[in-house]
Amino acid sequence: MITLQMPPIPDPVAVTLKPASTALLVFDVVEPICASRPNCLKTMVPAISGLMARARKAGVTVGYGTREPTMSKWMPEVAPQKGDVTVVSYGQDRFYNTDLDKLLKAKGVTTLILTGWKISGSVLYTSVGATLRGYTVVIPLDASLGPTDYEEVIGRYQILNQNSANPTNQPLKEKTSTFSLTNLITFQ
């Protein structure tokens, strides 16, 4: 058996985002996944809901992605509204085989806030897909969790050390991912 020490993950940072060029994306916050996971129900859903209310008020584009069977099963607190961007996903990277990039670019979006289940799955792989397409990404850690502490640490480490790396978590480093918290995100 090998015992490894994970490198420390930098602390979340405050960010100020421009509503006109920002989109808040929500992945897999659906009944079949969240209803059985206390950290999804008690932590993640309220965090996303509060951020979403502030984002909608500021005029931020809101979007959703999940597989076809769960597209109509969103948790009520974060369910899509008329006019929101929705994509049926075919892989963990929500850009894969979808029109997400085209839909966001048509709205002038250059910065993405990625939320949802799970940080070592759809959030991780969509962050890679987003940075490869030139987006700057913000991930509020209280709004993207996983089933175990291990998966959360692995997902966080991979996000900051991917192809477009930001290992020190420099705020809004262009075309990379930044870790924040929902209460550290402002819109101006």
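The values are calculated or read from the model by the stated rules, or taken from the named source; none is laboratory data. These figures come from a predicted structure and were not determined experimentally. All accessible areas refer to the heavy atoms of the entire protein, side chains included, with ligands and DNA or RNA removed. Shrake-Rupley method; radii C 1.70, N 1.55, O 1.52, S 1.80 Å.
Hey, what's the chain come to in accessible area per residue, 1.4 Å probe, Å²? Provide the component values of the computation, followed by the final result.
On the way: 8960 Å² over 188 residues.
Solvent-accessible surface per residue comes out at 48 Å².
So, in Å, what gap is there between the alpha-carbon centers of the stretch 80-127 and the stretch 16-34?
Centre-to-centre distance over Cα atoms comes out at 8 Å.
Using a probe of 1.4 angstrom, how much of the accessible area of the stretch 36-188 is carbon and sulfur, in percent?
Numbers: 3560 of 6930 Å².
With neighbouring chains kept in place, the figure for the stretch 36-188 is 51 percent.
Going through the DSSP H helices of the chain, which span 18 Å or more along their own axis at the Cα atoms while scoring at least 0.0 as a mean Kyte-Doolittle hydropathy? It would help to have the intermediate numbers written out before the result.
Values: long enough: 45-58 (20 Å, 0.42).
Length and hydropathy pass: 45-58.
So what is Rg over Rh here for the stretch 1-78, counting just Cα atoms and using Kirkwood for Rh?
Result: Rg/Rh = 1.08.
Run the numbers on the stretch 1-75 and let me know its relative contact order in percent, using alpha-carbon pairs under 8 Å that are six or more apart. Show your work: numbers first, answer last.
Details: 59 pairs, mean separation 34.5, N = 75.
Reported relative contact order: 46 percent.
Taking only the alpha-carbon atoms of the stretch 117-188, what semi-axes of the equivalent ellipsoid follow from 5 times the gyration tensor eigenvalues under a square root, in whole Å, largest first? Don't skip to the end; give the middle numbers.
Values: eigenvalues 61, 45, 22 Å².
Working through the eigenvalues yields semi-axes of 17, 15, 10 Å.
Could you estimate the translational diffusion coefficient of the chain from the Stokes-Einstein equation, with Rh from the Kirkwood formula over C-alpha pairs, at 37 °C and 0.692 mPa s, in whole µm²/s? Before the final figure, lay out the partial values.
Details: Rh = 16.2 Å.
Answer from the Stokes-Einstein relation: 203 µm²/s.
What does the accessible area of Val60 come to, in Å² to the nearest 10, when a probe of 1.4 Å is used?
Surface accessible to solvent at Val60 totals approximately 10 Å².
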